[in-house]
Amino acid sequence: MEKRKIAIVYDSSYFMGVFQSIKKFIMSRRFSSLEKQGLLGFLKAKQTVYHDPTNLFLVAEVVPNEVVRELDEQTAIGPQKMVVDLLQGGAIRVDLAMDTVVAATEPNSETEKKISLYAERLVSYATREQYDLAIVATEHDELVALMTEMAARGKAVFGVKSEHLVRTRRLHDKLAEVANRGRSSLVVMEN
């Protein structure tokens, strides 16, 4: 089965809150499905099969330079250390102002607006490195609402706050939905 590509774009507010790497969160989850067992699947009994998240998803974490600049203006050292840890762990650092779609916005627009445009471009059909899902990690309710609005228009974007990782099943359900695209047996993410 083809791996689903997920991009996680971090906003500075997410680092200022109760931070948890969403990639680590996804890779620490347990996914399972009920599948027919036996020669060519002819037996009627189904058995639980567990799936390694690395076989289901290819996850890229993105830290925009604009977010790094916002965090550099803060006095707290913790968020900056988290960014360094992410970058050392393989996160990609991008300059949103250099992205052709985002650069078309007004120069002084908010970072959140630039992040939403970047996330939308990542899942666009006209993009070379198209992702199956773009997750924007933020603590701003407005940005989460904007992602929800974009998703309602058919964009494969999703806004997530740190509380959504443990207090709700929103992210769980979205990951299961992405994993199930093109599969005959449904995959569920266990708690």
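The values are calculated or read from the model by the stated rules, or taken from the named source; none is laboratory data. Just so it is clear, the model here is predicted, and its values are computed rather than measured. With ideal geometry, Cβ positions are generated from the backbone for all residues, glycine too; neighbour counts draw on all protein chains shown. Side chains included, ligands, DNA and RNA excluded: accessible areas come from the protein's heavy atoms. Shrake-Rupley method; radii C 1.70, N 1.55, O 1.52, S 1.80 Å.
Worth a mention:
- When residues of the range 32-43 are limited to those that are in contact with a strand residue (DSSP E or B) (Cβ under 7 Å, 6 or more places away or on another chain) and not in a strand (DSSP E or B), the one modelled with the highest pLDDT: Gln37
- Options Gln20, Gln47, Gln74; residue that is modelled with pLDDT under 85, part of a loop (DSSP other than H, G, I, E, B) and among the polar types (S, T, N, Q): Gln74
- For the condition among the hydrophobic types (A, V, I, L, M, F, W, C), modelled with pLDDT under 90 and within 30 Å of Ser184 (Cα to Cα), Leu56 does not qualify.
- Close pairs (7 angstrom Cβ cut-off, 6 or more residues apart or separate chains): open to solvent by 50 Å² or more (accessible area, probe 1.4 Å) in the range 26-41, at pLDDT below 65 anywhere: Lys36/Leu43; Gln37/Leu43
- Number of positions in the range 91-129 that are in a helix (DSSP H, G or I), under 18 Å from the mean Cα position of the chain (by Cα) and at pLDDT below 80: 0
- Note on the range 149-185: among residues that are in contact with a Lys or Arg (Cβ under 7 Å, 6 or more places away or on another chain) and assigned to a helix (DSSP H, G or I), the one that is nearest to Thr48 (Cα to Cα) is Ala179.
- For Gln80, the conditions (1) assigned to a strand (DSSP E or B); (2) at pLDDT below 90; (3) open to solvent by less than 60 Å² (accessible area, probe 1.4 Å) are fulfilled apart from (1).
- The residue of the range 153-178 that is farthest from Lys23 (Cα to Cα), among those that are open to solvent by 20 Å² or more (accessible area, probe 1.4 Å) and among the aliphatic types (A, V, I, L, M), is Ala156.
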